[in-house]
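Scroll down for the structure; my scribbles are underneath it.
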Amino acid sequence: MKFEKQRTSVFCFLFLQSILSAYTATAQQNEPEYQYSDFNRGQNDAVTDWIQSIRIIEPVCRTDVKGSVEVKFKAQGMTQAKAYCWQQPTASDPNPWGHRVDLTPSGIRLGQDGVGTFTFPADEFPAGPVNIRIFAGNKNGEKDLFELQLYNRGGIAWNQGIPADAPPAAEGLQLVFADDFDGPLSISNDGRNARYSAHKPLYGDFSGWQFADVTGPHNPFEQVDNYLKIKARKAPGTKGSSGLIASVNMDGEGFWTQAPCYLECRFTAQSAPGTWPAFWTLNAFDGTPGDELDIIEAYGGMGKGNANLDGRYCIVSHFWEQKNTDGSRKKDYDTTVPMTQLGGKSNWTETFHTYAVHVGLEETVYYFDNIEVFRHPTNDKSREKPIFFLLNYAIGGISGWPTDLERYGEGSDMYVDYVRVYAEKPLNYAVPGLKK
């Protein structure tokens with residue numbers, strides 16, 4: 001995922017979500033040549049009616065709330081608005097996935113100055129991270145989406161923590177790693193003397209808002225209740241910071257696993273221009289040919305020049321520095337997952353989802369909330385070499401997408417509920433010759 005080279009392009013799919021409901025436009029186009037064609041889905045988007053109009057007046061983005069919360073915003077030039085939030089199962093709607101609630105069934109009355117208000121009954125919604133999606137539009141067809149991240153200190157505990165049962169796709173394997181993030185974090189700048197490294201091993205960082213040191217002034221990590229909170233922030237006078245964790249350190253020591261194995265992570269994040277959450281694996285640590293499996297890459301932002309992947313995320317494999325016997329470059333695999341058509345039909349920002357991969361000896365299979373969404377033949381490097389995992393909240397960078405978080409207070413949060421890994425047996429492994 002994180003090298004700047006060029007390669008052949010692929011066709012891509014573009015799905016936009018309308019102001020009040022689901023998708024209203026679909027486009028398919030042939031992209032220019034990029035090493036990571038998945039970064040550039042929608043880059044040539046001809047749709048220009050998404051604009052940035054909504055500005056939050058109160059509460060401040062990412063603040064703690066509880067009880068009855070008045071949300072006040074200004075949507076200059078807009079004439080109508082709606083707001084939605086994801087809710088846990090209720091007596092009136094017992095769907096185990098939860099459901100989307102229209103917080104404003106009669107719409108939001110906007111004044112001549114574009115100011116509107118509505119009430120968010122926080123105690124009726126899930127405790128912890130919540131994301132209120134505010135849509136606005138006008139008669140000219142212009143529309144806007146603003147995702148208001150808040151942390152609910154009231155509410156109802158739901159869908160939190162590692163499940164008691166093993167995932168179906170891990171049948172026949174044993175649990176070899178689990179982190180519920182319900183205690184003190186163990187992260188160091190280089191991963192030494194800690195469970196995680198705060199940088200991609202051998203320092204291959206790739207975010208526009210750089211992955212920050214734990215010991216620096218912009219430590220991006222915080223343990224909140226039973227979550228790992230990764231904070232993307234752009235403090236005045238800085239170029240911005242965010243966070244990454246890797247399961248091995250700069251000496252190649254740490255947690256490794258090997259096929260057949262199963263890895264999963266549950267998290268939620270925000271869609272805004274430049275946000276780029278990901279959960280992925282590597283086995284090319286020391287410059288030798290290896291595989292990268294991007295279990296999820298999600299891209300935020302709507303409108304021309306943005307990712308326009310609201311309601312979808314990407315799965316990508318990369319077989320670095322590998323060729324077929326005829327000398328041709330080994331084919332990668334990629335797809336986009338229409339997550340709002342699966343399971344509970346919510347996107348990656350509305351609520352937590354579990355993203356997983358089973359690396360088998362014959363096939364590699366990807367899962368979304370225990371639903372199979374993609375498979376391809378297991379590459380020989382994935383079959384033979386140990387792998388480790390990484391989890392990050394990149395902002396801009398080599399993805400090529402623009403970054404604009406100004407109206408979000410130059411910040412965004414990713415919340416990680418847990419990571420767990422199953423394999424045939426624990427693996428005692430470290431890259432030979434790297435320890436200094």
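The values are calculated or read from the model by the stated rules, or taken from the named source; none is laboratory data. Since the model is a prediction, treat every value here as computed from it, not as a measurement. Neighbour counts are summed over all protein chains in view; Cβ atoms, including those assigned to glycine, are modelled from backbone coordinates with ideal geometry. For accessibility, only protein heavy atoms count, side chains too; no ligands or nucleic acids. Shrake-Rupley method; radii C 1.70, N 1.55, O 1.52, S 1.80 Å.
For segment 84-151, the share of accessible area belonging to carbon and sulfur comes to 46 percent (1.4 Å probe, ligands and nucleic acids excluded). Placing a label point 7 Å from the Cα of Val224 along the Cα-to-Cβ line, the residues of segment 136-152 whose backbone N sits under 11 Å from it are 149-152.
Translational diffusion of segment 338-436, estimated by Stokes-Einstein from the Kirkwood radius over alpha carbon pairs at 4 °C in a medium of 1.567 mPa s, is 75 µm² per second. The GNM of the chain, with springs linking C-alpha atoms under 10 angstrom apart, assigns the highest mean-square fluctuation among Asn392, Asn324, Asn226 to Asn324. When the chain is treated as a GNM with alpha-carbon contacts under 10 Å, the residue of Ile295, Ile156, Ile134 showing the greatest mean-square fluctuation is Ile156.
With both labels modelled 7 Å from their Cα along Cα-to-Cβ, the Asn324 to Arg407 distance reads 4.7 nm. Taking 15 Å as the cut-off, the amide N atoms of segment 69-87 that come nearer than this to a point 7 Å along the Cα-to-beta-carbon line of Thr119 belong to 69-72. Taken over the alpha carbons of segment 372-427 as equal point scatterers, the Debye sum produces base-10 log I(q)/I(0) values at 0.28 Å⁻¹ of -1.24. On a per residue basis, the chain carries 40 Å² of accessible surface, using protein heavy atoms and a 1.4 Å probe. Checking the table Lys200/Lys304; Lys229/Lys381; Lys74/Lys143; Lys231/Lys331 against a 25 Å threshold on Cα-Cα, which pairs fail? In this structure, Lys200/Lys304; Lys229/Lys381; Lys231/Lys331 lie more than 25 Å apart at Cα. With the simple spin-label model, which puts each label point 7 Å out from Cα in the Cβ direction, the Val60 to Asn428 separation comes to 5.1 nm.
Scan segment 184-224 for chymotrypsin sites (Phe, Trp or Tyr not before Pro) in coil per DSSP, keeping those whose Cβ has at most 14 other Cβ atoms within 10 Å, and list them by number.
When the chymotrypsin sites (Phe, Trp or Tyr not before Pro) of segment 184-224 are filtered for loop state and at most 14 Cβ neighbours within 10 Å, Tyr203 remain.
Would you mind calculating the relative contact order of segment 134-285 from Cα pairs under 8 angstrom and at least 6 residues apart, reporting the percent as a whole number? Computed over segment 134-285, the figure is 20 percent. Of all beta bridges that DSSP places with both ends in the chain, some 95 percent have antiparallel geometry.
Spin-label pair Ser68-Asn95: with each label point 7 Å from Cα along the Cα-Cβ axis, the two points sit 2.8 nm from one another. Computed over the chain with a Gaussian network model linking Cα atoms closer than 10 Å, the most mobile of Ala269, Ala157, Ala284 is Ala157. Report summary: the helix-based calculation at 222 nm, which adds -39500 (n - 2.57) for every DSSP H run with n ≥ 4 and divides by the residues of the chain, gives 0 deg cm²/dmol.
Only protein atoms count toward the accessible area here, which uses a 1.4 Å probe; on segment 235-311, the carbon and sulfur part of that area reaches 53 percent. So what is log10(I(q)/I(0)) for segment 209-273 at q = 0.18, 0.26 1/Å, when the Debye sum runs over its Cα atoms only? Ignoring solvent entirely, the Cα scatterers give -0.89, -1.23. Taking only the alpha carbons of segment 221-374, we obtain Rg and Dmax values of 17.0, 54 Å in that order. Let me know the Kirkwood hydrodynamic radius for the chain, please, with Cα pairs as the basis and the value in Å to one decimal. Every distinct Cα pair counted, the radius reaches 22.2 Å. Computed over segment 128-240, the Cα gyration tensor eigenvalues convert (square root of 5λ each) into semi-axes of 30, 25, 16 Å, ordered from largest to smallest. Restricting segment 90-142 to trypsin sites (Lys or Arg not before Pro) that sit in a DSSP loop and have at most 15 other Cβ atoms within 10 Å of their own Cβ leaves Arg109, Lys139.
For segment 344-436, the list of GluC sites (Glu not before Pro) that fall in a loop by DSSP and count at most 15 other C-beta atoms within 10 angstrom reads Glu362, Glu424.
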